[in-house]
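Everything on this sheet refers to the single structure shown next.
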Amino acid sequence: MQSKKRFFGLLVRGMGMGAADVVPGVSGGTIAFITGIYEELLETISGINFGLIKTWRKEGFKAMWKALNGNFLLALLLGIVIAIFSLAQLLEYLLANHTIVLWAFFFGLILASIWLVGKTVENWNYRSVLGVIFGTVLAYVITIMTPAEGTDNLLYIFLCGSLAICAMILPGISGSFILLLLGAYTTILGSVSGLLDALKAKQWEIVTDNGLTLLVFMAGCLFGLITFSKLLNFLFKKSKSFIIAVLTGFLIGSLNKVWPWKMTTKSIIDRHGELKPVVQENILPQDFTLMTDSPNHLVYAVLAAFSGLALVILIEYLGRRFKKDSPPA
């Protein structure tokens, strides 16, 4: 019963991570951190090596699964996949039709995450302060970089997966935004929603094309995840307070990306013939109305931001409850 409760708790956290990773500006690593599984996640991923195969051959699958912390990974991965495939089309719609309210919701998510991550720094000193400054500046610089137009080349998709997954496990650095900078975000999100549409319509050639793109991307993610997690796990053990301070800075710097009111200064026509913004400037709500002749939806945006803030606090509370009530797998 306890193991089933823990599995369900991890499944829900995985869904939260998957939902966050779909959106440019929000990190699945943040969800893992505030729900209390971040260090276990790093430890588990960094423990994946060829020695597991030797354990399987000598002691059997059950011993290998335990050494892998397989139940933990299975629950998280299942939750992530469920969230990505169930939310991809919804988020495409919301980003296109309710942009301000959606970004305001994400702004609230990150504001709450800054407090929750920052309060876990055990030793605030000059190194921690420098860590916050470094993380803030680095994340801010990333958010103002101009996105590339990208390519559908499978080798490039593999590389994008490797780089994006490194960001996805860092609280504050959005893997989806890295994909946006690399010009691969619309390709990957389009492949997910395209695969679902093609499956419904039984268009098997399109299913194969989109499926191949996603498989190559996931292979790149797996490669980047295993290699980067080992380094991050080492740094966590070496200087935990400093690393958390840097991660807090990442969150602060990423607020620039999710500010709801923006004016587009440069756009491109993507491979589908649609106009996509690539360079945007943050502006005040009242200026947004004057400069774009569109409503700023300020009241709805404030309500959405507070909803996001409350949701993160609720997630953190539930994470502590699951951690308290559930024994290790």
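The values are calculated or read from the model by the stated rules, or taken from the named source; none is laboratory data. Being a predicted model, the structure only gives us computed values, none of them experimental. Ideal geometry is used to build each Cβ from the backbone, glycine not excepted, and the neighbour counts take in all protein chains shown. Accessible surface areas use protein heavy atoms only, side chains included; no ligands, DNA or RNA. Shrake-Rupley method; radii C 1.70, N 1.55, O 1.52, S 1.80 Å.
Taking region 101-131, which residues are assigned to a helix (DSSP H, G or I) and more than 20 Å from the chain's Cα centre (by Cα)?
Correct list: Tyr126, Arg127, Ser128, Val129, Leu130, Gly131.
Name the one entry in Glu274, Glu281 that is open to solvent by 80 Å² or more (accessible area, probe 1.4 Å), of a type in the set (Asp, Glu) and modelled with pLDDT under 80.
Glu274
If you go through region 1-48, how many residues are outside any helix (DSSP H, G or I) and without any contact (Cβ under 8 Å) to a residue 40 or more places away in the chain?
Residues flagged as outside any helix (DSSP H, G or I) and without any contact (Cβ under 8 Å) to a residue 40 or more places away in the chain within region 1-48 amount to 2.
Can you tell me which of Leu130, Leu111 is more than 19 Å from Leu180 (Cα to Cα) and open to solvent by 80 Å² or more (accessible area, probe 1.4 Å)?
Going through Leu130, Leu111 in turn, just one is more than 19 Å from Leu180 (Cα to Cα) and open to solvent by 80 Å² or more (accessible area, probe 1.4 Å): Leu130.
Name the single residue, out of those in region 284-315 being of a type outside the set (Ser, Thr, Tyr) and not in a helix (DSSP H, G or I), that is farthest from Thr35 (Cα to Cα).
Top of the filtered list is Asp293.
Got a number for residues in region 292-301 being hydrophobic (A, V, I, L, M, F, W, C), surrounded by fewer than 15 Cβ atoms within 10 Å (Cβ to Cβ) and in contact (Cβ under 8 Å) with a residue 12 or more places away in the chain?
The qualifying residues number 0.
Which one of Leu215, Leu180 is modelled with pLDDT of 80 or more and not charged (D, E, K, R)?
So the residue among Leu215, Leu180 that is modelled with pLDDT of 80 or more and not charged (D, E, K, R) is Leu215.
Would you check which residues across region 115-134 are among the hydrophobic types (A, V, I, L, M, F, W, C) and out of contact with any Ser or Thr (no Cβ under 6 Å at 6 or more places or on another chain) and list them?
Trp115, Leu116, Trp124, Val129, Leu130, Ile133, Phe134
Can you tell me which residues in region 305-329 are touching a Gly at 6+ places or on another chain (Cβ under 7 Å), open to solvent by less than 70 Å² (accessible area, probe 1.4 Å) and at pLDDT 75 or above?
Ala305, Ser307, Gly308, Leu309
Name the pairs whose Cβ atoms lie under 9 Å apart, with the first residue in region 233-253 and closer than 13 Å to Ser113 by Cα and open to solvent by 20 Å² or more (accessible area, probe 1.4 Å), the second of a type in the set (A, V, I, L, M) and assigned to a helix (DSSP H, G or I), and 6 or more positions between them or separate chains?
Once the first residue is closer than 13 Å to Ser113 by Cα and open to solvent by 20 Å² or more (accessible area, probe 1.4 Å) and sits in region 233-253, its partners that are of a type in the set (A, V, I, L, M) and assigned to a helix (DSSP H, G or I) give Ile252/Ile110; Ile252/Ile114; Ile252/Val132; Ile252/Ala139.
Has region 255-271 got any residue that is under 20 Å from the mean Cα position of the chain (by Cα), more than 22 Å from Ala184 (Cβ to Cβ), at pLDDT below 90 and in a helix (DSSP H, G or I)?
Yes: region 255-271 contains one or more residues that are under 20 Å from the mean Cα position of the chain (by Cα), more than 22 Å from Ala184 (Cβ to Cβ), at pLDDT below 90 and in a helix (DSSP H, G or I).
Among the residues of region 114-127, which ones are surrounded by fewer than 15 Cβ atoms within 10 Å (Cβ to Cβ) and either of a type in the set (A, V, I, L, M, F, W, C) or at pLDDT below 80 (or both)?
Trp124
Here are some residues: Ser3, Ser86, Ser46. Which one is of a type in the set (S, T, N, Q) and open to solvent by less than 60 Å² (accessible area, probe 1.4 Å)?
On inspection, the qualifying residue turns out to be Ser46.
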